[in-house]
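In what follows, a single structure is set out as structure tokens and then discussed.
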Amino acid sequence: MRLVLVGPPGAGKGTQAEVLSRKLGVPHISTGDLFRSHISNQTELGLEVQSILDEGALVPDSITNEMVRKRLADSDADHGFLLDGFPRNTAQAKVLGEMLAAAGHDLDAVLEFRVDEDVVVERLLARGRTDDKEEVIRHRQQVYRTETAPLLDHYADKVISIDAVGEIDEISERALAALHSLRAEK
Ligand code: ADP
């Protein structure tokens, strides 16, 4: 399956992606994790994006799109993937659409994780990543609302919304159930 996960910072996309990746047998590709790994390895790309991540702003599309293009070319993504954190705006979504179309593929679904903003601020402050300071979190939420949420209209008929408040297992079950009924429809 080729899936995109969308949801505000702290919606638990990364946690759910780990579970779904195991259950569905497709790689979890998180652009945030890819950037953080470049930063900790102090690669050229890492040095370039470090301050952007610390501010909670978006990395320029040119950098992000190329990083994703390379990652999707790895053979483990041939038969599917779970994209977490990409696309994050409609321009990235267009580029992803072109990349997939060039290989004769399409997305199966876009999973939206819905959660109230105030709940997630608490969760994120507890996590304590370097970009998990209240001010930076609020900025990332703002970026989500203006840049990323429009993807839900862009992908309209592919979107499956999941209530992301509750226990981790419960939320995974909701997501898997939604994906099973999607498969049954096909
Ligand atoms: P969260 O979902 O909690 O905001 P992520 O790990 O998905 O965290 O992303 C962390 C940061 O990485 C973002 O704030 C942004 O700076 C950068 N980033 C991740 N994905 C993208 C993307 N698709 N486009 C631009 N920047 C991105």
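The values are calculated or read from the model by the stated rules, or taken from the named source; none is laboratory data. All figures in this text were calculated on a predicted structure; none of them were measured in a lab. Note that each Cβ is placed from the backbone with ideal geometry, even for glycine, and that neighbours are counted across all protein chains shown. When the accessible area is computed, the model is the full protein with side chains, heavy atoms only, and any ligands, DNA or RNA have been set aside. Shrake-Rupley method; radii C 1.70, N 1.55, O 1.52, S 1.80 Å.
Summary of computed values
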{"read-out": "Filtered residues of the stretch 69-105 (kept if part of a loop (DSSP other than H, G, I, E, B) and out of contact with any helix residue (DSSP H, G or I) (no Cβ under 6 Å at 6 or more places or on another chain))", "value": "Ala73, Asp74, Asp78, His79, Gly80, Ala103, Gly104, His105"}
{"read-out": "Tally, over the stretch 121-155, of residues that are open to solvent by less than 40 Å² (accessible area, probe 1.4 Å), assigned to a helix (DSSP H, G or I) and among the charged types (D, E, K, R)", "value": "1"}
{"read-out": "When residues of the stretch 31-56 are limited to those that are within 11 Å of the ligand (Cβ to nearest atom) and in contact with a Phe, Trp or Tyr (Cβ under 8 Å, 6 or more places away or on another chain), the one nearest to Leu5 (Cα to Cα)", "value": "Thr31"}
{"read-out": "Selection within the stretch 39-60 - without any contact (Cβ under 8 Å) to a residue 60 or more places away in the chain and either of a type in the set (Ser, Thr, Tyr) or open to solvent by less than 50 Å² (accessible area, probe 1.4 Å) (or both)", "value": "Ile39, Ser40, Thr43, Leu45, Gly46, Val49, Ser51, Ile52, Val59"}
{"read-out": "Residue match in the stretch 72-82 (condition: within 12 Å of the ligand (Cβ to nearest atom) and open to solvent by 40 Å² or more (accessible area, probe 1.4 Å))", "value": "no"}
{"read-out": "Residue within the stretch 17-28 that is within 15 Å of the ligand (Cβ to nearest atom), part of a helix (DSSP H, G or I) and surrounded by fewer than 18 Cβ atoms within 10 Å (Cβ to Cβ) present", "value": "yes"}
{"read-out": "Qualifying positions in the stretch 122-144 - hydrophobic (A, V, I, L, M, F, W, C) and more than 10 Å from the ligand (Cβ to nearest atom)", "value": "Leu125, Ala126"}
{"read-out": "Gly97 being away from the ligand (no atom under 14 Å from the Cβ), open to solvent by less than 50 Å² (accessible area, probe 1.4 Å) and farther than 20 Å from Gly14 by Cα", "value": "yes"}
